[in-house]
Each structure stands twice: as structure tokens, then as C-alpha cells.
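Throughout, read-outs are computed from the coordinates displayed, never taken from laboratory work. Computed from a prediction, not measured in an experiment: that's the story for all the values here. When we count neighbours, we look across all protein chains shown, and the Cβ atoms used for this are built from the backbone with ideal geometry, even at glycine.
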Amino acid sequence: MRASGGSWRWWWLGGAVVSAAGAVLIARQAIDAQRALFETDARIVHRLLSQQAVQHDAILDTLALLQPGPPAAGAQPPEQRLPALYPHILAVQRRDRDQAWPDPALAAAEAASRRDRRAALAPSPDGDTARFRLVLAAEPTSYALTIAVRGMVPWAEWPMPPDRSPVRVALVRGAQRIDLQAGDAAALAGGSGWRFSFHKHLAAASQPFDVVAERQLGWAQLPWWRMLGWAAAVTAVLALMAQLQRQRTARRRAEELLRLGQVARLNTLGELAAGMAHELNQPLTAVLANTQAAQRLLADDPPELDTARSAMAQAVAQARRAADVVGRLRAVVERPAHRAAEASAGGVDLADAVRRALHLLEPECRRRGLAPEPQAPAPVRVQADPVAVDQIVHNLLMNALQALDAVPADARRLTLTVLPAGGHGELRVADSGPGIPAEALTRLFEPFFSTREGGLGLGLSLCETLAQGMNGSLTAANRPEGGAVFTLRLPLKDAS
Amino acid sequence: MSTLSPTIHLIDDDAAVRDSLALLIGTVGLRVTPWADPQVFLEGFDREAIGAIVLDVRMPGISGLTVLDTLVAQGVDQPVIMLTGHGTVDMCRRAFKAGAAEFLEKPVNDELLIEALQNAVRQHVRSRERHQADREARERYAQLSEREREVLGLIVAGLTNKEIGRALDLSPRTVETHRANLFAKLQAESLAQLIRRYAALVDEHDGG
């Protein structure tokens, strides 16, 4: 699973990169949108304030032009009705010809107005920075307006909610600063994040104020939920893709296994056919050779009848042998269990089976300088098919002998132990060979697994199948002192 | 030489196959020595005898192809006929490459086997005869004196007595004497026979 672990790391990395890039993009878009909104609002604010300022000029111009005459005694001069119309115009003052302004500041402003031919500013007499006075020099009467700055904002048309908006708006003239909207003071003081600001002169030369708008966009105001949502969406999509990928891999693996299974079945058939071919070819060769020899002997003059007869008898015996091979094959294909029950009425003596196999393998043992004897303290009879037991024992001994080829002659030991163990009879075939490699130990009984070059890998597989078919077992292990030990366990005759 | 009674060595671990094939081969008058164990055969068979070897490919312990390799490595000159139950192309190729004379499939037809065996025995006899004649020629050649070998070389090269005398700075009479001696020692009855039998040996010595 190392490969899939690596691919997981890539999935994670890819997911993190896409999430982060997307989040940054979302944040930037949000910041840009906020900036655009801020600038639009600031421009609207500037325009609204400029309109007001221009209106002050217009009012003064109108007064200067109409020159309402001196009021009748006791009557209110007409310009005094202006504060009622415009709440932010707190007062209107006039200086008739040959009169003087009550405040020298107004006189100075009038002089400036006369010089610049436009209205001029004068500070509020009580030092209230939230007010200013605007003086226009005219003949015969000059006028002055006292204006409350905060009152001149047309809140009805204001583009922002004044009490909640994070934007700070102020009119600034030199050191004089009149806040119109407080904004988010804490954020503006903190200074982390992004700062938007807007400076522009009022569009009225008579009132040289700067409209200053500022906004501080803090980290907390980023669209975290949208960013999180994006990351979640990316994760979900990646998880889905990974899941699909995993499913595809699993499906491919399943297909591969299926294909392997088919190949294995074909191999099994091939091996079975090869084994059959050999097993049948031997007797068929003998049958053919015997009958053809007999033909030749009978064709002799005089015919050698005795030899021909014996050759024919041999041919008959070999034909039976071929038939036995077919029968044995069928028996192997069928389960040997039911045969075991009826075939061994008296049970099988394990030590006898070992002796029979040793007898057959005597030349093999001799060539390796071995003369093994089964160690059986007491006779052990098991409930089993004698043919199957012979086959298993033969295979185990042959394996052990071949394993011993790998060690020098004086180090070769083959120990065959027969003993009862629980309800089972046990045969242990222990050799002093090189033992079973760890990686082979688990696969030893798999069909077609062989550690021998050219081995079919069917021997132990068949033995295990046979042993299990007789309610027994076949296991393999390495001995602590070196070499391998195979243990065949079969149910005891008396136990069943 | 025991050419009169060629012996067929038959190696097969299966007793029934061994006995029946021995019987079949015996019907044409060939003597058969059966062997059950290839190892015992390798240790015990008569390498000098005329005959052939019939070898089963599939045997426990040691494969027929391994036995074949061993025989070839030991310089055994008896032809080897391989028998197999299921011969693959690869196995067949390996057998011929290793020096098998014939490769037959079991069950084997009597005529095929017997013909192969008779061919093998004939081939072996011829090869032994050639070998024998070769050895005799070598022995006779070894009896020649240095001067006689020189004269023989020039005769084989096609020179006349006079030319040989000039080449070796000898009188034509002396050349004639050497010529008569080497014809006698090599038991050659004619110039043609002399050249046919000894030209190769002369080349061999010139080369060496």
C-alpha cells in the first residue's frame, strides 16, 4: 500500500494548493469589491457635500442680488426666514452700508470676499469647529451665513447607514477637522488589513474643505465563510475523485485477479495433462513394446511361443496399470473422504506407510548416504485412505531428500517420527536441510508454487488437499536447530 | 573389437518399460543391458564396447538430459537415443544440441526404434573403424625417419623424384631408396593410396 500512501500525499498537497489559491482569489475579489463600493460611496459623498457648498454660494449670491431693503420697524427681515428653510443655516447676518460687522473676523472675511470676488470663510465666533461662517461682500448690503457643518449633510440621500458604516467621513481644512461620520474607529486605529482612503476638494472654491473618507478593512472582515466553503467544496470534489480512483483501482485489481485465476485454471489443466501424459505413457509404452515384440516373436520361424506369451501377459498387466492411472485420477478428482471410510476398515499404520515409502525410495536414500528408520514407540493407526497416505508420505520423503541435497553428506539427517497426539496420529518428517525460506513458508501449499527449479508445485498442494479430505492436516515449519519439519496429522482409528 | 555383439544400454526407471523395450530390442538380435538407475549406469557401463544408449528423459533424481551432458563431457562416443513421454520443442532442441543422435516419443513404434538403433550401431561401428584406421596410420607414420617424412611431404605435394632430390640436396637414387622404405613402412600399395591415407597426417605435422 506504499504506492497508494504516496498518491494520498499528492491528493492532500493538490487539495491544499487549490484550496489556498481559491481562498486568496476569493479574498482579493472581496477586497476589490469593498474598495469599489468605498470609492463609489466616497464619490457620492463628495458630490452631495459639494452640492450643499454650492448651494451656500447660491443663497449668498441671491441675497446679494436681491438686496432686500432694510426691514420695517418691528418686522423681520426676509433673509431671516432662511434658517427656517435650511436647518443647517443657523443664522444670517447683514451689514448695511456704512455699518460695521460686529466681529472683526467677519470684516476680514468681507475684505477677502471683495478681493476674490466670491464668498469667503470666517471661523465661528465661539470657536466651535463644527461651524463656519461664510461672508459675501455686496453693495449696499453684505451678508454672512453661519452654517452647522453636520447639519448640511443630506442624510436622506447619504449612501451609507451613518451609525453603522465602517467608513469615516470628515471635512478637513488645514488643522480643522469636522467628522461627519465616525466609522469603525477601532479598526481605523488598529491599522491591520487593508486601508482605503479618498481625498478630494469640495467643488466650491469659497469653501476650501477636503472631503476625506477612510476605511480600514480588517482580517476579520474577509469572507471567511465563503473561503471555508470553497475549501470544503474542493475537499469534497477531491474526496469524490479519490473515491472514484480507488474504485477504479479496485475494479482493475479484481479484473487482474480474475484473469490470473483463469490463467491458473489453464495452467492446472496443462499440468494435469502433462502429468497424465507421463503417467499413461509409461504403461502404454510397455504395452506397445510388449505386443510388438510378441508379434515379432510369433513371426519367427519357428515362433517363440513362450516368450511371446509372457510378453502378452506383461502387456495385459501394463494395460491394467494404465486403467489404474485413470482410476486414480478420478479418485483424486473426487474427494477421498468417503473412500477413506470404507477403504481402511482396519485403519492405516503410519509407521508401515513410512516403511513402504522408504522401501520405494531406498536407492534415493542410499545415494545420499542415508538409511532412515521410522521412530514409532507404539503402533499408530489412523482413519485414512492407504493410497492417499502412501502418496503423501512419499511426497514428504522425496521433498526431504531433495532438501538434503543442498547440504554436505555428513550433515544430512532425516528423522521420521510417528506418535499419537490428542485424537490424531502424527507423522513428523524432519530434515537437516537448508529449511524453508520465510517468504515461501506461507505459500508452500499453494498450487504451482515451487522453490525447486522446474518443479510443478503440485506435490505439496495435492498432499494438503488429500490430508484435509481425510479430516487431517499437513503443516510445515522450520526447526530451531535448522532444517524443515513437515507434520501430517490424521484422525486416529479408535477415536472415530 | 567386439563388433560382433553390439550392446544396447537401456536406461529407464520404470521396470515395465525397461523390460518390454529390452524384449522388443532383443527380437532383432541386439544384446540389451537394462539399467534402472542412471547413476549406476554411468559408473558401470563398458565404454569400449560397440553399441548405443537409449535414455529416458524423465527420471527421478537425475534427468536424462543431465546424463546425456555427462556422457558427452566424458567423451563417450556411443550414439545416444533419447526417449520422452511428452517431448516439447525446447526439450528436443536441447537434446540435439547436447549431442543426441535421435529423439523419440513414447510410446515408441517398434520399427522406428529398431531402425534408429540399427542406424546408431552402424554409425558407431563406422566411426570406430575410422578411428581404428586413423590410429593405425598414426602408428605407422610414427615409424618414419625425419628424412622419410620430408620425402613423404614432397611426394604428397606432387613432386617427382628428381625434383625432391634437388629440393633436399639428395641424389635421385637416395630419394628412390627413401621412397621404397616409406612405402614399405606405411604399407601403401599405390601412390594414390599413400596420398589418400597420409595427406591429412602430413598436413597435421606441417601445421604443428
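Below is a table of values for the structure above.
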{"quantity": "Residue order, fewest to most beta carbons within 10 Å, for B:K106, B:K162, A:K200", "calculated": "B:K162, A:K200, B:K106"}
{"quantity": "Amide H contacts of A:V380 (H built 1.01 Å from N, under 5 Å, at least 5 apart or other chain)", "calculated": "A:L350, A:A351"}
{"quantity": "Backbone HN-Hα couplings from phi across the stretch A:137-152 [Karplus 6.51/-1.76/1.60, Hz, Gly and Pro as x]", "calculated": "7, 8, 10, x, 10, 9, 10, 9, 10, 9, 10, 8, 4, 5, x, 7"}
{"quantity": "Calculated from backbone phi, Karplus (6.51, -1.76, 1.60) coupling profile of the stretch A:203-210 in Hz, x at Gly/Pro", "calculated": "7, 9, 5, 6, 10, x, 9, 9"}
{"quantity": "CD proxy at 222 nm, helix term only [per DSSP H run n ≥ 4: -39500 (n - 2.57); per residue of chain A; nearest 500]", "calculated": "-17500 deg cm²/dmol"}
{"quantity": "Global geometry of the protein assembly as shown, whether rounded, prolate or oblate, following the gyration tensor of its Cα atoms and the 1.5 cut on a/c", "calculated": "prolate"}
{"quantity": "Neighbouring partner chain Cβ atoms per residue of A:290-300, average, 10 Å criterion", "calculated": "5"}
{"quantity": "Cα shape, the stretch A:440-492, gyration tensor, a/c 1.5 rule", "calculated": "oblate"}
{"quantity": "FRET E, pair A:A21, A:S197, Förster distance 25 Å, beta-carbon r, rounded to 0.05", "calculated": "0.30"}
{"quantity": "Virtual spin-label span in nm between B:R173 and A:W12, 7 Å along Cα→Cβ", "calculated": "11.5 nm"}
{"quantity": "Alpha-carbon centroids, the stretch A:52-111 and the stretch B:3-41: separation in whole Å", "calculated": "150 Å"}
{"quantity": "Order of A:C463, A:C365 - criterion: other Cβ atoms within 10 Å of each residue's Cβ, fewest first", "calculated": "A:C365, A:C463"}
{"quantity": "Exercise: per-residue mean of other protein chain Cβ atoms within 10 Å, A:276-285", "calculated": "6"}
{"quantity": "Cα gyration tensor, the stretch B:82-125 - rounded (a/c under 1.5), prolate or oblate", "calculated": "oblate"}
{"quantity": "Likely footprinting exposure, A:M152, A:M470, B:M59, fewest C-beta neighbours within 10 Å first", "calculated": "B:M59, A:M152, A:M470"}
